[in-house]
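A.B. asks: Take this structure, written in structure tokens, and hold onto it; I'll ask about it next.
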Amino acid sequence: MTLALHEAREAALVGEVPVGAVVLCGVDVVALAQNRMMRDGDATSHAELLALREAARTLGAARLTECTLVVTLEPCAMCAGAIVLARVGSLVFGAWDEKAGMCGSVGDVVRHPKLNHRPQVRGGVQEAESGAILKAFFAARRG
């Protein structure tokens, strides 16, 4: 989570919503990413998707069954769907997202019983620190 929090802080410095993600395979870091929506001009440039894409390229495999995705904010519907499609082995996230979270808050895409893959999920890891980064970012935006 430490690396994901670093990525989130870096995103905030350039005006991106501060979300960071890391993909681990065992103890090896295979991908690091942060939100890049504004920089890329692309609504799909969420930290989770960018990290999953990098991990797939690095490992040469579309399926990440032996990997763990660590992200600072509960994934949205788009990212939760990608987690299922990539068959990520486990998901660890920091802050819960009561507005758009789809891993237990608003809905639960990653554990939907009709889908063909369900990763292990652990939410609320370093929740206070993850949430504080987001709160500070949005407070500064609101003036």
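A.B. asks: I'd like the antiparallel share, as a percent to the nearest 5, of DSSP beta bridges with both residues in the chain. Provide the component values of the computation, followed by the final result.
C.D. replies: Working: 12 of 20 bridges.
In the chain, approximately 60 percent of DSSP beta bridges are antiparallel ones.
A.B. asks: For the chain, find the longest principal axis of its Cα atoms and tell me its angle to the long axis of helix 47-59, 0 to 90°, nearest 10.
C.D. replies: The two axes meet at around 40 degrees.
A.B. asks: Helix 2-13 against the longest principal axis of the chain: what's the angle in degrees, Cα atoms only, rounded to the nearest 10?
C.D. replies: Result, in degrees: 40.
A.B. asks: Between the stretch 78-98 and the stretch 112-132, how many Å separate their Cα centres?
C.D. replies: Using only Cα atoms to place each centre, the spacing works out to 6 Å.
A.B. asks: So, one more: Between THR58 and ALA136, what length in nm is gained on full extension when 0.36 nm per residue of separation is reduced by their alpha carbon distance?
C.D. replies: 24.7 nm
A.B. asks: While we're on this one: Based solely on its DSSP helices, what 222 nm [θ] is calculated for the chain when runs of n ≥ 4 H residues each add -39,500 (n - 2.57) and the sum is averaged over all residues, nearest 500 deg cm²/dmol?
C.D. replies: -11500 deg cm²/dmol
A.B. asks: Could you order peptides 90-96, 25-31, 111-117 by the average number of other Cβ atoms within 10 Å of their residues, highest first? Write down the numbers at each step before the final one.
C.D. replies: Numbers: 90-96: 23.1, 25-31: 13.6, 111-117: 11.0.
Per-residue mean Cβ counts within 10 Å order the peptides as 90-96, 25-31, 111-117.
A.B. asks: Here is a further query. Any chance you could run the full-extension gain for ASP28 through GLU129? It's 0.36 nm times the residue separation minus the Cα-Cα distance, nm to one decimal.
C.D. replies: Working: separation 101, 0.36 × 101 = 36.36 nm, distance 2.35 nm.
Full extension from ASP28 to GLU129 adds 34.0 nm.
A.B. asks: Using the heavy atoms of the protein chains and a 1.4 angstrom probe, tell me the accessible area per residue for the stretch 19-143 in square angstrom.
C.D. replies: Spelled out: the 1.4 Å probe surface of the stretch 19-143, per residue, equals 51 Å².
A.B. asks: How large is the convex hull of the C-alpha atoms of the stretch 57-139 per residue, in Å³?
C.D. replies: Output value, Cα hull per residue: 97 Å³.
A.B. asks: Roughly speaking, what is the stretch gain from HIS112 to ASP42, that is 0.36 nm per residue apart minus the C-alpha to C-alpha distance, in nm to one decimal? The partial results should precede the final answer.
C.D. replies: Details: separation 70, 0.36 × 70 = 25.20 nm, distance 2.75 nm.
Length difference between fully extended and current span is 22.5 nm.
A.B. asks: Right, here's the next one. At 1.4 Å probe size, with the rest of the protein present, what percent of the exposed accessible area of the chain is carbon and sulfur atoms?
C.D. replies: Details: 4000 of 7220 Å².
Carbon-and-sulfur percentage of accessible area, whole number: 55.
A.B. asks: Something else: Counting only C-alpha contacts under 8 Å and six or more residues apart, can you give the relative contact order of the stretch 1-134 as a whole percent?
C.D. replies: Details: 318 pairs, mean separation 27.6, N = 134.
Computed over the stretch 1-134, the figure is 21 percent.
A.B. asks: Need one word for the chain: rounded, prolate or oblate. Basis is the Cα gyration tensor (sqrt eigenvalues a ≥ b ≥ c); a/c below 1.5 gives rounded, then a/b vs b/c decides.
C.D. replies: Note, shape of the chain comes out prolate.
The values are calculated or read from the model by the stated rules, or taken from the named source; none is laboratory data. It should be emphasised that the depicted structure is a prediction, and the values quoted were computed from it without experimental measurement. All Cβ positions, even for glycine, are placed from backbone atoms using ideal geometry, and neighbour counts span all protein chains on display. Remember, those area values only see protein heavy atoms, side chains included, never the ligands or the DNA or RNA. Shrake-Rupley method; radii C 1.70, N 1.55, O 1.52, S 1.80 Å.
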